[in-house]
Amino acid sequence: MNENHKYDDIIHLPHHVSARHPQMSLWNRAAQFAPFAALTGHREAVRETARLTDSFQELNEDQKALLDERLRLIQEHLSENPEIEAVYFQPDGRKSGGAYVTFRGAVKKIDLYRRQILFTDGTALPTERLRSIEGRLFHHS
């Protein structure tokens, strides 16, 4: 049985190399077959959706009392611009929730009307978002 195939006459010929066109690099050849990104921004949207946020945790009465005491102590020592480390909740600008952030700085003022701690560098932290306050001021005997 002599089966004749369509390409039998050329199947064993050497691969053609053009004299006129330079050979394409493997990188560029592979790029031809890369997936097409028809939906611009889709990858970023998926990443944003997958990004986790924390939820705001309400303080219990003991935690609130401790914060109030520490704010009062800071108020008494404002002339010294006490250095503190405050952990507070920062809402996320893009989705529900947020993150707990630590800020270190020297306190300039406690604005009771606006309910903010103002720092010497201009930062203002809302007191209702505070989680904790630490500093040497609270550990003096």
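The values are calculated or read from the model by the stated rules, or taken from the named source; none is laboratory data. Quantities reported herein were computed from a predicted structural model and do not represent experimental measurements. For the accessible areas, the whole protein counts, side chains as well, though only heavy atoms, and no ligand, DNA or RNA atoms are used. Shrake-Rupley method; radii C 1.70, N 1.55, O 1.52, S 1.80 Å.
Below is a table of values for the structure above.
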read-out: For the chain: relative contact order, % (alpha-carbon pairs under 8 angstrom, 6 or more apart); value: 20 percent
read-out: Rel. contact order, % - alpha carbon contacts under 8 angstrom, at least six apart, region 87-141; value: 30 percent
read-out: Debye equation applied to the C-alpha atoms of the chain, log10 I(q)/I(0) at 0.14 Å⁻¹; value: -0.81
read-out: Hydrodynamic radius of region 74-124 per Kirkwood, over alpha carbon pairs, in Å; value: 12.0 Å
read-out: Cα-based reach from Lys109 at 24 Å (exclusive), listing lysines while leaving out same-chain residues under 8 positions away; value: Lys64
read-out: Within the accessible area of the chain (1.4 Å probe), percent carbon and sulfur; value: 53 percent
read-out: For region 75-83, Karplus couplings with θ = phi - 60° (6.51, -1.76, 1.60), whole Hz, Gly/Pro x; value: 4, 5, 10, 4, 4, 8, 6, x, 7
